[in-house]
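Have a look at the structure below, then the notes.
The values are calculated or read from the model by the stated rules, or taken from the named source; none is laboratory data. Computed from a predicted model, the values in this text were never measured in an experiment. Here the Cβ positions follow ideal geometry from the backbone for every residue, glycine too, while neighbour counts run over all protein chains shown.
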Amino acid sequence: MRVFRRFAVLCAMGWWLGGLTLYTTAVIRTAHRVISNHTRVGFVTQAVTAELQWIGAGALALMLWNAAASWKAGGNWSRRGLAASWLVAAIAHVALFVLHARLDAMLDLSARQVREGADFHGPHELYELFVGVEWAAGLVYLLSALLAWKQEDSAGAAAR
């Protein structure tokens, strides 16, 4: 079960963090190059980020399971890293769900534009900030998980 848990966590985190990385480093820039209308680009990225949020929710669930399973054998640093990074990522993720809904409400889907008078820029900047926080917390979690797994393996070997 330990190998399956670790494999599931690595796959989920790779899909999630890899998706966030590809989205922020390539998709947005490419969309702006290909689609000259920046507002229309937002309708593409809106759909992508909605999917990334659900992928992240699944990854966070697996990460919580992993933290609970690794907790006893982990040392203080790995436990603190797992707990703090998961909590920061989860809070950022909840904020992203809230902000995404707020941003969606500002869009006129049929006209493919931001509604007249909507203050889209500020909440969108905040959304981007939370994506960065979540991504960094995910990387810290991954490092903490590797440390915890090393300690789990050492504790298991000592018990044999």
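Flag not set for residue 107, criterion: of a type in the set (A, V, I, L, M), in contact (Cβ under 8 Å) with a residue 60 or more places away in the chain and over 21 Å from residue 51 (Cβ atoms).
Scanning segment 29-42 for residues that are surrounded by 16 or more Cβ atoms within 10 Å (Cβ to Cβ) and under 20 Å from the mean Cα position of the chain (by Cα) returns a single hit, 42. Between 31, 92, 83, 61, the distinction of being touching a residue at least 12 places away in the same chain (Cβ under 8 Å), among the aliphatic types (A, V, I, L, M), part of a helix (DSSP H, G or I) and within 26 Å of residue 152 (Cβ to Cβ) belongs to 83 only. Looking across segment 13-26 at every residue that is surrounded by fewer than 17 Cβ atoms within 10 Å (Cβ to Cβ) and of a type outside the set (Phe, Trp, Tyr), the one that is nearest to residue 141 (Cα to Cα) is identified as 14.
In this entry, residue 57 passes the filter for residues that are within 15 Å of residue 93 (Cβ to Cβ) and modelled with pLDDT of 90 or more. Filtered by the rule that a residue be surrounded by 14 or more Cβ atoms within 10 Å (Cβ to Cβ) and either at pLDDT 95 or above or closer than 21 Å to residue 128 by Cα (or both), segment 65-86 gives 66, 67, 81, 82, 83, 84, 85, 86. Going by what's in this entry, would residue 136 be described as within 18 Å of the chain's Cα centre (by Cα), surrounded by 13 or more Cβ atoms within 10 Å (Cβ to Cβ), among the small types (Gly, Ala, Ser) and closer than 30 Å to residue 41 by Cα? So residue 136 fits the description; yes. Would you be able to say whether some residue in segment 87-94 is within 29 Å of residue 147 (Cβ to Cβ), of a type in the set (A, V, I, L, M) and modelled with pLDDT under 90? No, every residue in segment 87-94 fails to be within 29 Å of residue 147 (Cβ to Cβ), of a type in the set (A, V, I, L, M) and modelled with pLDDT under 90.
One residue stands out in segment 104-143 among those that are part of a loop (DSSP other than H, G, I, E, B) and hydrophobic (A, V, I, L, M, F, W, C): the one that is modelled with the lowest pLDDT, namely 118.
Here residue 101 fulfils each of the conditions (1) surrounded by 15 or more Cβ atoms within 10 Å (Cβ to Cβ); (2) more than 10 Å from the chain's Cα centre (by Cα) apart from (1). For residue 36, the conditions (1) part of a helix (DSSP H, G or I); (2) free of Cβ contacts under 8 Å to residues at least 40 places away in the same chain all hold with the exception of (1).
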